[in-house]
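Down below is the structure, laid out as structure tokens.
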Amino acid sequence: MHGKNYRTIRGMAYTSKKFAPGAPNPKVARFTTGKSSPDYDFVVRLISEGRVQIRHNALEAARVAANKKLALIGEENYHLLVKTYPHIILRENKMIATAGADRLQEGMRKAFGKPIGLAARVEIGNTILELSVKAENLEKGKEAMKAASAKLPMKTHWEAVRLEKKVVG
């Protein structure tokens with residue numbers, strides 16, 4: 001099956017792993033990378049412009065693409081967060097569609113489907129990735145978000161927000 005078959009949001013969210021034996025674990029290796037620090041100047045957010053489901057392997061591909069661009073500035077100089085979590089269980093009723101396979105098919109009998117993957121449902125305006133960087137690395141952060149958006153199944157845009165420094169005194 002193609003990824004586009006799972007992109008549109010249809011029906012109820014199926015999230016309970018209790019009723020889906022064999023549901024896979026998310027492929028996202030790390031939801032946070034880099035160094036968490038309060039002295040960053042900007043937060044760059046990758047924001048969805050569509051209402052879709054993002055498969056867990058697409059989220060991981062976006063994270064890896066962004067991380068690869070950011071590795072050039074050093075892991076001490078950024079903090080990358082994956083904000084969406086893939087918890088929707090995707091099912092597929094596998095059918096054999098080759099010649100001579102008519103005796104092996106069950107047709108619509110027991111057509112509930114087996115778990116094949118996970119997805120995250122994203123609405124318009126939801127934040128997918130969040131990146132904290134210093135002012136001198138803002139351009140690299142924008143490049144990283146552009147690379148990550150190419151891996152996702154919908155249109156996205158990024159926004160950079162300046163963080164305010166709190167003065168204790």
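Run the dipole for the stretch 20-169 about the Cα centre, Lys and Arg Cβ at +1, Asp and Glu Cβ at -1, nothing else charged, and hand back the magnitude in debye, nearest 20.
Values: 26 positive and 16 negative charges, 101 e Å.
With only Lys, Arg, Asp and Glu charged at Cβ, the dipole is about 480 debye.
Whole number please: convex hull volume per residue of the Cα set in the stretch 1-89, in Å³?
Details: hull volume 12.0 nm³, N = 89.
Taking the convex hull of the Cα positions in the stretch 1-89, it is 134 Å³ per residue.
I need the semi-axes of the equivalent ellipsoid of the chain: take the C-alpha gyration tensor, multiply each eigenvalue by 5, square-root it, list largest first in whole angstrom. If you can, show how the numbers build up before the last one.
Values: eigenvalues 307, 46, 38 Å².
They are 39, 15, 14 Å, listed from largest to smallest.
Pick from Pro153, Pro115, Pro86 the residue whose mean-square fluctuation is largest in a GNM of the chain, springs joining Cα atoms under 10 Å.
Sorting by GNM fluctuation, first place goes to Pro115.
Using amide H atoms built 1.01 Å from N in the peptide plane, name the residues 5+ places from Tyr85, or on other chains, whose amide H lies under 5 Å from its own.
The list, which skips near neighbours in sequence, is empty: none.
Counting other C-beta atoms within 10 Å, and keeping those with at most 11, which DSSP coil GluC sites (Glu not before Pro) do you find in the stretch 128-169?
Working: sites: Glu130, Glu136, Glu139, Glu143, Glu159, Glu164; in loops: Glu164.
When the GluC sites (Glu not before Pro) of the stretch 128-169 are filtered for loop state and at most 11 Cβ neighbours within 10 Å, Glu164 remain.
Compute the acute angle (0 to 90°) between the alpha-carbon long axis of helix 56-70 and the principal axis of greatest extent of the alpha-carbon atoms of the chain; round to the nearest 10°.
30 degrees
Past the 19 Å Cα-Cα mark, which pairs from Lys69/Lys151; Lys35/Lys151; Lys83/Lys142; Lys94/Lys114; Lys68/Lys140; Lys134/Lys165? Present the calculation step by step, with values, prior to reporting the outcome.
Numbers: Lys69/Lys151 14 Å; Lys35/Lys151 24 Å; Lys83/Lys142 17 Å; Lys94/Lys114 8 Å; Lys68/Lys140 11 Å; Lys134/Lys165 12 Å.
In this structure, Lys35/Lys151 lie more than 19 Å apart at Cα.
Which order, highest average first, do 23-30, 34-41 follow once you tally other Cβ atoms within 10 Å for each residue and take the mean per peptide? Kindly include the intermediate steps, with their values, before the conclusion.
Working: 23-30: 15.2, 34-41: 13.5.
Ranked by mean Cβ neighbours within 10 Å, highest first: 23-30, 34-41.
If one takes the longest principal axis of the Cα atoms in the chain, at what angle in degrees, from 0 to 90 and to the nearest 10, does the Cα axis of helix 138-149 lie?
10 degrees
Name the residue farthest towards the positive end of the dipole of the stretch 1-95 from the options Ala62, Met12, Thr32, assuming +1 on Cβ of Lys and Arg, -1 on Cβ of Asp and Glu, about the Cα centre.
Among Ala62, Met12, Thr32, the one farthest towards the positive end of the dipole of the stretch 1-95 is Met12.
Computed from the coordinates by the stated procedures, all read-outs in this text should not be read as laboratory data. Because the structure is predicted, anything quoted here is derived from the model rather than measured. In this analysis, Cβ positions are derived from the backbone assuming ideal geometry, glycine residues included, and neighbour counts consider all displayed protein chains.
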